[in-house]
Amino acid sequence: MYRQYENPWELEEELSKLEYELSMAECDDADIDIIVDIKIEIEELKDRINFAWQDNEYECDNYDYADEVWMWKNCYEV
């Protein structure tokens, strides 16, 4: 079985965008279906973030946290 490992920092940024989108939808009195869809997407993303952080802990036990952040920001981001 294939498992895709994800960047937790990237997912955190995506979460903040979705939370902003949700707040804008609630302020604009958007259709309830749209708000519910965004909330479901946020909860699924929170689960993915949790798994990504857990994966990152096991892979990076020997690394300094600051070094790991630097690597993600400078080597893996486009």
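Every number in this text was worked out from the coordinates using simple rules, so none of it is lab data. Please read these numbers as outputs of a predicted model, since none were measured by experiment. Cβ sites come from the backbone with ideal geometry, for glycine too, and all protein chains shown count toward neighbours.
What does the charge add up to near E41, with Lys and Arg as +1, Asp and Glu as -1, over the other residues with Cβ less than 12 Å from its Cβ? It works out to a net charge of -3.
Counting neighbouring beta carbons within 10 Å and listing from fewest to most, the residues D55, D29 come out as D29, D55. Against the compact-protein benchmark of 2.2 N^0.38 Å, the Cα-based radius of gyration of the range 8-76 scales to 1.42. Converting phi to 3J(HN,Hα) with the Karplus coefficients 6.51, -1.76 and 1.60 and the offset θ = phi - 60°, the range 9-24 yields 5, 5, 5, 4, 5, 5, 4, 5, 5, 5, 5, 5, 4, 5, 5, 5 Hz in sequence order, with x at every glycine or proline. Full extension of the chain between S23 and N74 yields a length gain of 15.2 nm, computed as 0.36 nm times the residue separation minus the alpha carbon distance.
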